[in-house]
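> I'd like to ask some things about the structure below.
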Amino acid sequence: MAEGVVYGLTTNPQRQGFTSNNNAILESGELNMSVINNATVVFFGGPCPQKTVGYYEAVGVTSVKFAANDTHYSFITQNNVVVASLNRASVNSGHEDLFVIEVLTDKTNLIVIMYGFTWKGTWASGIYFKEIVSKNFNSYSEKCYVFHWVDDVEQNGIPESSEVHLEYATS
């Protein structure tokens, strides 16, 4: 869903694909630079569905990474400092989530990573990017942002940009 929301912003032709069925991603999760170079690559989804996001988090090039324990989902720094956390019950309710929007460089490629703890958080990342970030790029000069989505009093379960607030940002 998030990909479709952001895809609608594009004016130039885009190559779309799944990381599980092409030679653009090496077995390690690293981008195959002989296939993808001098490109902007956007990943929707965290380290479990997106092998390359998992690779970037594991090798320490992201500012934050996903972490979980028996009671909480968290975004933590590469030094294991918790920057934002929600208990599992809140996330599993379908009315609250955290999501990250992060930009980094991998050799010649600009990488954008957007994901939440659940599909609703990832959906919220696409909506927020489309409705807020894309219209105010100059206001988003940090390379990593963590946002908190909380469903409003209607509890309709649909992420709306007005229901999102900033939790953490870092350069």
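> Which count do you get for residues in the stretch 116-171 that are among the β-branched types (Val, Ile, Thr) and part of a strand (DSSP E or B)?
Number of matching residues: 4.
> Mind checking whether some residue in the stretch 107-115 is in contact with a Leu (Cβ under 8 Å, 6 or more places away or on another chain), assigned to a helix (DSSP H, G or I) and in contact (Cβ under 8 Å) with a residue 40 or more places away in the chain?
No, every residue in the stretch 107-115 fails to be in contact with a Leu (Cβ under 8 Å, 6 or more places away or on another chain), assigned to a helix (DSSP H, G or I) and in contact (Cβ under 8 Å) with a residue 40 or more places away in the chain.
> Right, next: What about Val81, is it surrounded by fewer than 20 Cβ atoms within 10 Å (Cβ to Cβ), of a type in the set (A, V, I, L, M, F, W, C) and within 11 Å of the chain's Cα centre (by Cα)?
no
> Can you list the strands (runs of 3 or more DSSP E) lying wholly within the stretch 19-78 that have 3 or more residues being at pLDDT 95 or above and touching a helix residue (DSSP H, G or I) at 6+ places or on another chain (Cβ under 9 Å)?
Here the list reads 64-68.
> When you look at Val100, is it touching a strand residue (DSSP E or B) at 6+ places or on another chain (Cβ under 8 Å), β-branched (Val, Ile, Thr) and in contact (Cβ under 8 Å) with a residue 12 or more places away in the chain, yes or no?
Yes; evaluated as a whole, the condition is true for this residue.
> In the stretch 56-73, what count of residues is obtained for those that are without any contact (Cβ under 8 Å) to a residue 60 or more places away in the chain and crowded, with 20+ Cβ neighbours inside 10 Å?
Within the stretch 56-73, residues that are without any contact (Cβ under 8 Å) to a residue 60 or more places away in the chain and crowded, with 20+ Cβ neighbours inside 10 Å number 5.
> A follow-up question, please. Of the conditions (1) buried (at least 17 other Cβ atoms within 10 Å of the Cβ); (2) among the basic types (Lys, Arg); (3) closer than 20 Å to Lys51 by Cβ, Lys107 clears all except one; give me its number.
(1) is the only condition that Lys107 fails.
> Is there a residue being touching a residue at least 40 places away in the same chain (Cβ under 8 Å), among the β-branched types (Val, Ile, Thr) and surrounded by 14 or more Cβ atoms within 10 Å (Cβ to Cβ) anywhere in the stretch 133-144?
No, the stretch 133-144 contains no residue that is touching a residue at least 40 places away in the same chain (Cβ under 8 Å), among the β-branched types (Val, Ile, Thr) and surrounded by 14 or more Cβ atoms within 10 Å (Cβ to Cβ).
> What do you reckon, is Thr118 surrounded by fewer than 23 Cβ atoms within 10 Å (Cβ to Cβ), hydroxyl-bearing (Ser, Thr, Tyr) and under 15 Å from Thr52 (Cβ atoms)?
No, not satisfied.
The values are calculated or read from the model by the stated rules, or taken from the named source; none is laboratory data. Fair warning: this is a prediction, and the values are worked out from it, not measured in the lab. Because the Cβ atoms are built from the backbone with ideal geometry, glycine has one as well, and the counts that use them run over all protein chains shown.
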